[in-house]
1. Do we find that ARG14 is over 37 Å from the mean Cα position of the chain (by Cα), modelled with pLDDT under 90 and part of a helix (DSSP H, G or I) in this structure?
2. Quick one: which residue in ILE64, ILE127 is open to solvent by 100 Å² or more (accessible area, probe 1.4 Å) and at negative phi?
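The values are calculated or read from the model by the stated rules, or taken from the named source; none is laboratory data. Please read these numbers as outputs of a predicted model, since none were measured by experiment. Ligands, DNA and RNA are stripped out before the accessible areas are found, and what is left, the full protein with its side chains, is counted by its heavy atoms. Shrake-Rupley method; radii C 1.70, N 1.55, O 1.52, S 1.80 Å.
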Amino acid sequence: MADQTRTHHEMISRDSTQESHPKARQMVKAATAVTAGGSLLVLSGLTLAGTVIALTVATPLLVIFSPVLVPAVITVALIITGFLASGGFGIAAITAFSWLYRHLTGSGSEKIENARMKVGSRVQDNIGVQHQQAS
C-alpha cells in the first residue's frame, strides 16, 4: 500500500512539474513544427524550380527530336508488349502441358477421382437427410 501511495505521490509531483512549464513545451513544439515545415517548403520550392528549368531546357529538344522519338517510343512499347505476351503464353503452355502430363500419368487423376468421390458421397448424404426430413 505504501508503494502504491508513493507511486501516486510521485505521479502527482511529476505531473505538477510538467504543468508548471506548459508554455515552454508549446514553444518547443511550435519551433519544431516551423523548422520541419519550413524545410519541407524550401525543398518543394527547389523541386518546382528544378522541374520548370528541366522542362524549359527539354521542350525544344523534344520538339526537334519528336519525329524520331515518337516512332522509337511506339517501337519500344510494341517490343515490350510482344515479350510480355510471349512470356505469358509460354507460362500458360507450360502449365497446360504440366497438367496434361500429370493427368495422363495418373498422378493428378487420383486426386481428382478422390475429390469426385467425396463430393458424390456428400451429395448422397444430403439427399438421404432431405428424404428423411420429408418423411
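1. It is true that ARG14 is over 37 Å from the mean Cα position of the chain (by Cα), modelled with pLDDT under 90 and part of a helix (DSSP H, G or I).
2. Result of the check over ILE64, ILE127: ILE64.
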